[in-house]
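Structure, as structure tokens:
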Amino acid sequence: MFSNDKIIFIDRTIKNKTELFEIIAQKAIDLGVSDDYDAILQGFEKRESIGSTGFQDGFGIPHCKSEKVKMATPIFIRANEPIEWDTFDGKPLENMFALLIPEEGSNEHLKLLSTISRKLMNTAFREEIKSSKTDMEILKLLKEIE
């Protein structure tokens, strides 16, 4: 799932939810996960309109399911300043596990979401992610999710 550090982006300046979705859509293009920026952007916005993907303790799992996604891909992004978001505990987000899922990937989508959600319930794991300073440190922790 988290196979390399090219899907990890830390200390990013992100002003709001819309800008986050724009960054993820561009990363999807850059990584070859999709060739349709607008479809990815709309997919994240549509999913968020259904209900918040904010978790707790500064973490969120925004996700997009689209026929324009070529392969299931997780992306980890850490903002250098908290982003306002509806969350379980009312705290803004800093650490996001963005999931890009092909339309045909319903089972994979649920598996990824469930696996990450369970791991985020572990306080020690969340603290390790928050205190990690490099892409490689985060990648090592993310490989524990698999």
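Structure notes:
- The GNM of the chain, with springs linking C-alpha atoms under 10 angstrom apart, assigns the highest mean-square fluctuation among 120, 100, 31 to 31.
- Put in line by how crowded their Cβ is, counting other Cβ atoms within 10 Å and starting with the fewest, 117, 132, 34, 52 read 117, 52, 132, 34.
- About the centre of its Cα atoms, segment 5-145 shows a dipole size close to 360 debye [charges on the beta carbon of Lys, Arg (+1) and Asp, Glu (-1) only; nearest 20 debye].
- Net charge dipole, segment 77-125: roughly 300 debye, given to the nearest 20, about the Cα centre with Cβ charges of +1 for Lys and Arg and -1 for Asp and Glu.
- Based on DSSP H segments of at least four residues, each scored -39500 (n - 2.57), the chain has a per-residue ellipticity at 222 nm of -13000 deg cm²/dmol.
- FRET efficiency estimate (nearest 0.05) - Cβ-Cβ, residue 144 to residue 111, R0 25 angstrom: 0.95
- Top of 87, 123, 13 by mean-square fluctuation, Gaussian network on the chain, Cα under 10 Å: 123
- Candidates 118, 47, 12, ranked by Gaussian network fluctuation over the chain, Cα under 10 Å, top entry: 118
- Size descriptor, Kirkwood hydrodynamic radius, that averages inverse alpha-carbon separations across the chain, Å: 15.0
Every number here is computed from the coordinates shown, using simple stated rules; none is lab data. This is a predicted model, so every value here is computed, not measured. Here Cβ is always computed from backbone atoms with ideal geometry, including for glycine, and neighbour counts include all displayed protein chains.
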